[in-house]
1. When the accessible area of segment 81-121 is computed with all protein chains present and a 1.4 Å probe, what percentage of it is carbon and sulfur?
2. Averaging sequence separations of C-alpha pairs under 8 Å and six or more residues apart, then dividing by the length of the chain, give the relative contact order as a whole percent.
3. Which shape class applies to segment 70-156: rounded if a/c is under 1.5, otherwise prolate when a/b exceeds b/c and oblate if not, where a ≥ b ≥ c are the square roots of the Cα gyration tensor eigenvalues?
4. Enter the accessible area per residue of segment 69-188 (Å², integer; probe 1.4 Å; all protein chains in place).
5. Could you tell me which of rounded, prolate or oblate describes segment 1-45, using a ≥ b ≥ c as the square roots of the eigenvalues of the alpha-carbon gyration tensor, with rounded for a/c under 1.5 and, failing that, prolate when a/b is larger than b/c and oblate otherwise?
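The values are calculated or read from the model by the stated rules, or taken from the named source; none is laboratory data. Just so you know, these numbers come straight off a predicted model, no measurement behind them. To get the accessible areas, we keep the full protein, side chains included, count just its heavy atoms, and leave off ligands, DNA and RNA. Shrake-Rupley method; radii C 1.70, N 1.55, O 1.52, S 1.80 Å.
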Amino acid sequence: MLSTNIKEATKVAHQNLEKQVVLKLKSIRNNADYADLLKHFYAYFSHIEETIKPYITESILPDYAERRNSAYIKADILELGSEISDLPDTTVPKIENAVQALGALYVLEGSIMGGSIIVKMLEKGGVNQGISFFSGYGEATGKMWGNFIAVLNAQARTEEEEKQAINAANQTFEHFAQVFEKEKINTV
């Protein structure tokens, strides 16, 4: 089943991204620092969303329009009193079909699962505004994840399609991590 295989095959790339995000989270001291973190998410999510948009149709993922996206991140940035400016540069993997797009979306949707942990980390640091993005779908988070996984599993019908989805997910994790790594290079 793709959902099991993709989780295992992307473990290293996922952990690398997670490490980058946690380092950034631990450096948050105020709303401006948090807005900066959100700008990293916004820059990458908005870029990859535009890349997958032609392939994720309502017939493939009927609730796609209801899913969390970069508009939530933008609203959080604005709520924190910041602007959508000074965004980091991003690159995204090449996406050429629905299976690859779902592989990339696996990374975006999966970020919801860790959102509640991020909200708790932010609250400990005194940040309690601009958390709609990381709050995910609230009580519906498990249901929404389950619906997505069912679509992911149904779309990859062959071993080749499964490989394409896994490759796209790995590349999505890697490109997203680079958004944070580039910043470290620029500040050293």
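1. In segment 81-121, the share of accessible area belonging to carbon and sulfur is 51 percent.
2. Here the relative contact order equals 36 percent.
3. oblate
4. For segment 69-188, the per-residue accessible area is 50 Å².
5. Prolate, since a/c reaches 1.5 and a/b exceeds b/c.
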